[in-house]
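Q: Let me begin by handing over the structure; questions about it come next.
The values are calculated or read from the model by the stated rules, or taken from the named source; none is laboratory data. Predicted, not measured: the structure shown is a model, and the values here were computed from it. When we count neighbours, we look across all protein chains shown, and the Cβ atoms used for this are built from the backbone with ideal geometry, even at glycine.
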Amino acid sequence: MLEEAVAIIRRLWEGGTVTRRGAHFEVDNARIYTLPERPPPILVAAAGPKAAELAGRIGDGLISTAPNDETVQQFDQAGGRGKPHMGQVHVLWAEEERKARRQALELWPNAAVPGELGQELPMPTHFEQAAKRVTEDDIAESVVCGPDPERHIAAIREYLDAGFEQVAVHQVGPDQEGFFRFYESEVLPKLR
């Protein structure tokens, strides 16, 4: 399904009108009227071996929320070598770890819903039901919580050590200004 969707998107970025009947999508007279000079890259998310292979074949880069060097290798072997590898780490910076854990549980509980259950549920209410089983300890395993710069640095380094060149840090919490000050003074200088 994803492969078909990416093919349609790429065809739309070429210009003109697109009509296509595929196994998963039907497109009738679709067109992008204002095209950029260059089509935007399509980075494909992957965590397992099949997804990494597909991402390497059809993507302009890899995105992953797991710092797994095997995912990077599978992506590269399937045609992704030389393309960007981007990881994403979830954090909730707050001045106190206890407060950060509570906020992470309240704002981002799906991060700790285990396995494919956190990805394959059909309705938002199902995610809400699954998230009710998540505890503060569970969320602290999936989201870096609190003001300890070493924990934030360690999470980012896991991605760098696995072969990711770029790491997007997703601050889950509401104190964005505090987060940026913290990263500017306590985290980024130690990663350079």
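Q: Can you name every residue in region 12-31 that is touching a helix residue (DSSP H, G or I) at 6+ places or on another chain (Cβ under 8 Å), surrounded by 10 or more Cβ atoms within 10 Å (Cβ to Cβ) and part of a loop (DSSP other than H, G, I, E, B)? Even if it seems obvious, please write down each step before you answer.
A: Step one: list which residues in region 12-31 are touching a helix residue (DSSP H, G or I) at 6+ places or on another chain (Cβ under 8 Å), which gives 18, 20, 22-25, 27, 30-31.
Applying the additional criterion that residues be surrounded by 10 or more Cβ atoms within 10 Å (Cβ to Cβ) yields 18, 20, 22, 24-25, 27, 30-31.
Passing the criteria: Gly22, His24, Phe25, Arg31.
Q: Here is a further query. Pairs only if they're at least six apart or on different chains, beta carbon under 8 angstrom, first in region 21-38 and in the same structural domain as Ile8 (by TED's automatic domain parsing) and polar (S, T, N, Q), second surrounded by 10 or more Cβ atoms within 10 Å (Cβ to Cβ) and in a loop (DSSP other than H, G, I, E, B); list them, first residue then second.
A: Asn29/Thr17
Q: Something else now. Any chance you could count how many residues in region 73-91 are over 16 Å from Glu53 (Cβ atoms) and either in contact with a Ser or Thr (Cβ under 6 Å, 6 or more places away or on another chain) or of a type outside the set (A, V, I, L, M) (or both)?
A: At the first step, the residues of region 73-91 found to be over 16 Å from Glu53 (Cβ atoms) are 82, 84, 86-91.
Then drop every residue that is not either in contact with a Ser or Thr (Cβ under 6 Å, 6 or more places away or on another chain) or of a type outside the set (A, V, I, L, M) (or both), which leaves 82, 84, 87-88, 90.
Number satisfying all stated conditions: 5.
Q: State whether one or more residues within region 24-33 are under 26 Å from Gln166 (Cβ atoms) and of a type in the set (Val, Ile, Thr). Spell out how you get there, then give the answer.
A: The initial filter retains those residues of region 24-33 that are under 26 Å from Gln166 (Cβ atoms), namely none.
So far as region 24-33 goes, no, none of its residues is under 26 Å from Gln166 (Cβ atoms) and of a type in the set (Val, Ile, Thr).
Q: Test Ala130 against the criterion of being modelled with pLDDT under 95, within 30 Å of Pro189 (Cβ to Cβ), crowded, with 16+ Cβ neighbours inside 10 Å and of a type in the set (A, V, I, L, M), and give yes or no.
A: Values: modelled with pLDDT under 95: yes; within 30 Å of Pro189 (Cβ to Cβ): no; crowded, with 16+ Cβ neighbours inside 10 Å: yes; of a type in the set (A, V, I, L, M): yes.
Criteria not met by Ala130.
Q: Name every residue in region 32-71 that is part of a helix (DSSP H, G or I) and in contact with a Pro (Cβ under 6 Å, 6 or more places away or on another chain), in order of residue number. Steps first, answer last, please.
A: The initial filter retains those residues of region 32-71 that are part of a helix (DSSP H, G or I), namely 49-58, 69-71.
Passing the criteria: none in range.
Q: Right, another one. For residues in region 50-79 being among the β-branched types (Val, Ile, Thr) and more than 11 Å from Glu3 (Cα to Cα), which is surrounded by the fewest Cβ atoms within 10 Å (Cβ to Cβ)?
A: Our first condition is that a residue be among the β-branched types (Val, Ile, Thr); within region 50-79, this holds for 58, 63, 65, 71-72.
Among the residues that remain, those that are also more than 11 Å from Glu3 (Cα to Cα) are: 63, 65, 71-72.
Values: Ile63: 19, Thr65: 17, Thr71: 26, Val72: 23.
Among those residues, the one meeting the criterion is Thr65.
Q: Here's something else I'd like to know. Any idea which of (1) surrounded by fewer than 18 Cβ atoms within 10 Å (Cβ to Cβ); (2) closer than 20 Å to Glu177 by Cβ is the one Gln103 doesn't satisfy?
A: The number of the failed condition is (1).
Q: Same structure again: Could you tell me whether any residue of region 98-106 is within 15 Å of the chain's Cα centre (by Cα) and either on the phi > 0 side of the Ramachandran plot or not acidic (Asp, Glu) (or both)? Give the steps one after another, and end with the answer.
A: Taking region 98-106 first, the residues within 15 Å of the chain's Cα centre (by Cα) are none.
No, region 98-106 has no match at all.
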